[in-house]
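Below is one structure, written out as structure tokens; the observations come after it.
The values are calculated or read from the model by the stated rules, or taken from the named source; none is laboratory data. Remember, it's a predicted structure, so these values are computed and weren't measured experimentally. Here Cβ is always computed from backbone atoms with ideal geometry, including for glycine, and neighbour counts include all displayed protein chains.
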Amino acid sequence: MDTSRPEPQLSALYQELILDHYRRPRNKGTLEGATHSVALNNPLCGDEIDLQLRLEGDVIKDVRFIGRGCSISQAAASMMTQVVKQRRLADALALADRMSAMMHGDEAAARDRTLGDLRALAGVAKFPVRVKCAMLPWNALKDAVKS
Ligand code: ZN
């Protein structure tokens, strides 16, 4: 058994949702006319995310990603694109903080409906090594809009 990279034991329903996003990622591909982009990786796990955004004013009009890596990182990227698309940038960044809180065990954050499918990742908080996988797309989002 590979103890360096334990698979989080999540509820069956959540596991199913994560695998669904992993196998059929939403908003995956190259975004024409992207105004912001960044490539980030998580060397601990070998995850890679190339995130592209099109901002119009302060609204994320469109977002896509290309990536590879573990199911948690890729599902998190797919789920993130769903919740930040068409959202004001400030609200998307607030969600990044909410996600970070959830990944650090905040139960109120884990019940926040604005996180959408991302709540399926709440159980990952128990696996500190995998928190970096779940946060990778959010860190990419923050980096992309900094530039
Ligand atoms: Zn990973």
Quick check on segment 109-120. Is at least one of its residues in contact (Cβ under 8 Å) with a residue 24 or more places away in the chain and within 13 Å of the ligand (Cβ to nearest atom)? no
For residues in segment 29-59 being within 16 Å of N139 (Cα to Cα) and more than 16 Å from the ligand (Cβ to nearest atom), which is farthest from the chain's Cα centre (by Cα)? H36
Step by step: first the residues of segment 65-84, then only those that are among the aliphatic types (A, V, I, L, M) and touching a strand residue (DSSP E or B) at 6+ places or on another chain (Cβ under 7 Å), then the one that is farthest from L40 (Cα to Cα). Which residue is that? V84
Before we move on, is K85 surrounded by fewer than 16 Cβ atoms within 10 Å (Cβ to Cβ), farther than 18 Å from S11 by Cβ, away from the ligand (no atom under 15 Å from the Cβ) and charged (D, E, K, R)? no
Just the residues that are among the hydrophobic types (A, V, I, L, M, F, W, C), in contact with a Ser or Thr (Cβ under 9 Å, 6 or more places away or on another chain) and at pLDDT below 95, please, taken from segment 114-147. A120, V129
For the list (1) touching a helix residue (DSSP H, G or I) at 6+ places or on another chain (Cβ under 7 Å); (2) modelled with pLDDT under 95, I need the number of the one condition that R111 fails. (1)
Run Q74 past the list (1) at pLDDT below 95; (2) within 16 Å of the ligand (Cβ to nearest atom) and report the number of the one that doesn't hold. (1)
Does G123 satisfy the criteria of being outside any helix (DSSP H, G or I) and among the small types (G, A, S)? no
